[in-house]
């Protein structure tokens, strides 16, 4: 019996800075209908459902109470993961491989616009005994790491600015993106610092959206009409949660999650992968994650690749063709699934103006933001 | 299983008496939830002293609180339907403790109230007043008591409370 | 000594199923270790420390080290109690998730039992050989009283303006249950008596007590028809379990406790549109687990039950959902002694949430730990007589909405 798992349907709303006219339930219902139509599946054929959400992102405790109706999941097996959508994909993969479900739906959404105090929310995630009493803005944690990372690797502010320019320009070709902009590195470098050396322009801004992904085993996938996209591997990992114990400067969580995913996908050289959709919540993170994923042996190589245009959409190793979080908007726990959407569109040949000539294997990676060291990696392939 | 387990129980007075170090924090979290189409209309109608529901032509249900999709048929709902501001108690309680754990002399009477005009068993959560607690019964007919127009803001509390509806006989 | 009872035959037809797919081909998975902390009204330890104590106790009980654990699953319920956003990340160190695959699952009060199902498919899928499952809650952090945090579980627009109280929904459901089936308050009080007495034999217990029905009924009415001694406490505590694939389990222990069935089911958020008298979602979750376990007559084939008992009536409500009593009949079976520790179907021999305590997610996991010890004859003074071979643990949560069920047994699944 095959244990291959496929993505057979995707549905998503465009990303917007605010979505005042519809509730999260209504946005998710729209995406679910689209996803089930895309998968040519009835809602009552789905065996299991997963939501990726955090109570305090929503402002509602036990948020999973409010998740089944808009997915058609009433009186079905359904649970919430308080992690990114890529963790949800890993969860769905395991459910299908265990045989407990043939089709699993993974959903995530963002109503970040409803959160009036986003920085206080991050403050609420910091260690209440050792860190919070110091009273600094939590984004400073990213700035601290960025400073160390640049220092350790020899990369520069120019490199970070180039990431912003690349990703926001890529977003111009992405109708889903919330923050497309033809911005130059010079613009970025003259924008104000948020917390030295991190500039405001290097921080992804929030957006609202809802995304639903339908996964199925090979048997069900063969009945679907769209070109099948296989989940070749899915991994997750955490480094130490404690600021004082973690490996600053290295994205170990990405390295370990990737190791698991590469092993499952039987990928020995990450250069086999055609495109990468990875976290760039802060511009320097894209470089750090590329190194952690093993795409480049040395950080210096990553910077050179960026400067030579290798990670542009037209380059050898396109990174964040979608625009990344900088260009699309940061959508909380839905970030990973919007990256999956881009990969699926590319692998199916449905990416329109963004379509890459070579798109057979893609990698999505996410990081849950400060103050976490939590991440996941999913590898998709069209064969 | 081991007979001694980890964990150090504390008395309430330990943390107050300064024997235990504590750190405290008040979260500064504020939200403004988009009501969306269905609940937005629900609130608008409450301000106008009306209750509104949505119907699904496939299963035939009339649903309150209203929703733009039928969760059983998994399709968009079809029509807005005004329902009455009368109903019957499906279940109730007499609560002597407030949400923030204060003892109450007079009980709050929360209830799930089946709304006349909505499908059977379709109720909303609200509170009942102006009835001796011992007389409240499942099946008792009740009617909404609205706040005056100037005080209504578009909230579920535009209905101040529900009281016995003496005009209707109790259903057996 | 087991009482001689006439077996009751109930013809209950399984409702649903949605898929003819099966888990037969998946690897068999066993519980090989369990551990927990005391359950306390207020603990000195931080949430991380509580998680660590339970995780360590579970590893020790399995004779394993953290580097033999391939993956970690955390179950913990609302952040609002421990006072942290992204609580799972904060707890990850205490759970042993450093540099490991880590998922945190969350279905309200159902989390503690669901977490084992989550871990089960980690191993059954073939991706990981071992998993450490940790459940933790520290409710005492929330001031002035944890109960106030429950306000935020209600719909912020249509319900919170009414300032609802957690007690409301339980009292509303208990009233509906009693009225529908003609159940008396004395019948419900018996659950408190049984469980708190059972808890006297549990080393972790917060509220073990020898009580009479009269004493339970004399306790103040919190929200009629709920009396104080029918309500489980808020608690701090943690519990953990180690699971392994068959080939690993057999190397580690001669008494693996097999995960025979898992099931979970979430009902609509529109709880005021549902009849609360019967938990359909518990029934569906139960049949999902029973089907996987090959159980056709649960009342005959299950030897111990650990249903979720946050309020006294809930145990009865859930026993009916679990198909272990006909609708409305659980109180009579309780009165007949069927559910006593030496009865035909010992129920909540641990002492449950009413007696041991209710640190939300950890409480469900405590019930699974109890089955582990019972099935290995390691439950000490709580041990049920005979040699129980199979038990079911169930948790519940959300707005009277989610059922999570796990069947454990001494026999390896087919």
Strands (runs of 3 or more DSSP E) completely within the stretch A:192-264 that count 2 or more residues being over 18 Å from the mean Cα position of the chain (by Cα): A:193-195, A:208-217
Test: residue in the stretch A:151-164 that is touching a residue at least 24 places away in the same chain (Cβ under 8 Å), in contact with a helix residue (DSSP H, G or I) (Cβ under 9 Å, 6 or more places away or on another chain), farther than 25 Å from residue A:328 by Cβ and part of a helix (DSSP H, G or I): yes
Residue that is surrounded by the most Cβ atoms within 10 Å (Cβ to Cβ) [pool: residues in the stretch A:46-65 that are in a helix (DSSP H, G or I) and away from chain B (no Cβ under 11 Å)]: A:64
Unique residue being outside any helix (DSSP H, G or I) and farther than 21 Å from residue C:374 by Cα when the list is C:183, C:188: C:183
Any hit, the stretch B:161-169, residues being touching a helix residue (DSSP H, G or I) at 6+ places or on another chain (Cβ under 6 Å) and in contact (Cβ under 8 Å) with a residue 12 or more places away in the chain: no
Per-region count, the stretch B:70-91, residues outside any strand (DSSP E or B) and without any contact (Cβ under 8 Å) to a residue 12 or more places away in the chain: 2
Flag if residue C:277 is within 14 Å of chain A (Cβ to nearest Cβ) and either surrounded by 24 or more Cβ atoms within 10 Å (Cβ to Cβ) or under 27 Å from residue B:112 (Cα atoms) (or both): no
Some residue of the stretch B:28-37 being assigned to a strand (DSSP E or B), facing chain A (nearest Cβ under 9 Å) and surrounded by 14 or more Cβ atoms within 10 Å (Cβ to Cβ): yes
Filter result (assigned to a strand (DSSP E or B) and within 14 Å of chain A (Cβ to nearest Cβ)) within the stretch B:47-69: B:54, B:63, B:69
Residue satisfying all of: in the stretch C:68-88; part of a helix (DSSP H, G or I) and modelled with pLDDT of 95 or more; farthest from residue C:238 (Cα to Cα) among these: C:68
Residue list for the stretch C:143-173, restricted to those being more than 8 Å from chain B (Cβ to nearest Cβ) and more than 30 Å from residue B:153 (Cβ to Cβ): C:146, C:170
Candidate set from the stretch C:316-337 (those that are farther than 19 Å from residue C:198 by Cα and in contact with a strand residue (DSSP E or B) (Cβ under 9 Å, 6 or more places away or on another chain)); member that is surrounded by the fewest Cβ atoms within 10 Å (Cβ to Cβ): C:324
Residue list for the stretch A:196-252, filter: free of Cβ contacts under 8 Å to residues at least 24 places away in the same chain and within 15 Å of residue A:41 (Cβ to Cβ): A:222
In the stretch A:113-135, residue nearest to the other protein chains (Cβ to nearest Cβ) [restricted to those that are part of a helix (DSSP H, G or I) and buried (at least 22 other Cβ atoms within 10 Å of the Cβ)]: A:121
Filter result for the condition that a residue is assigned to a strand (DSSP E or B), within 14 Å of chain B (Cβ to nearest Cβ) and buried (at least 24 other Cβ atoms within 10 Å of the Cβ), over C:263, C:237: C:237
Total residues in the stretch C:387-408, condition farther than 17 Å from residue C:170 by Cβ and surrounded by fewer than 24 Cβ atoms within 10 Å (Cβ to Cβ): 4
Filtered residues of the stretch C:101-133 (kept if facing chain A (nearest Cβ under 9 Å), more than 20 Å from the chain's Cα centre (by Cα) and assigned to a loop (DSSP other than H, G, I, E, B)): C:101, C:125, C:126, C:127, C:128
Checking residue C:206 against (1) in a loop (DSSP other than H, G, I, E, B); (2) more than 13 Å from chain B (Cβ to nearest Cβ), the condition it does not meet: (2)
Of all residues making up the stretch C:60-83, the number that are touching a strand residue (DSSP E or B) at 6+ places or on another chain (Cβ under 8 Å) and within 13 Å of chain B (Cβ to nearest Cβ): 5
Candidate set: the stretch B:116-137, residues that are more than 26 Å from residue C:219 (Cβ to Cβ) and in contact with a helix residue (DSSP H, G or I) (Cβ under 7 Å, 6 or more places away or on another chain); chosen: the one surrounded by the most Cβ atoms within 10 Å (Cβ to Cβ): B:124
Scan of the stretch A:70-103 for residues that are part of a loop (DSSP other than H, G, I, E, B) and more than 8 Å from chain C (Cβ to nearest Cβ), ordered by number: A:72, A:84
Count of the stretch B:80-115 residues which are surrounded by 15 or more Cβ atoms within 10 Å (Cβ to Cβ), within 11 Å of another protein chain (Cβ to nearest Cβ) and in contact with a strand residue (DSSP E or B) (Cβ under 8 Å, 6 or more places away or on another chain): 19
Any hit, the stretch C:89-100, residues being part of a helix (DSSP H, G or I) and within 14 Å of chain B (Cβ to nearest Cβ): yes
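The values are calculated or read from the model by the stated rules, or taken from the named source; none is laboratory data. These figures come from a predicted structure and were not determined experimentally. So basically every Cβ, Gly included, is an ideal-geometry build from the backbone, and we count neighbours across all protein chains shown.
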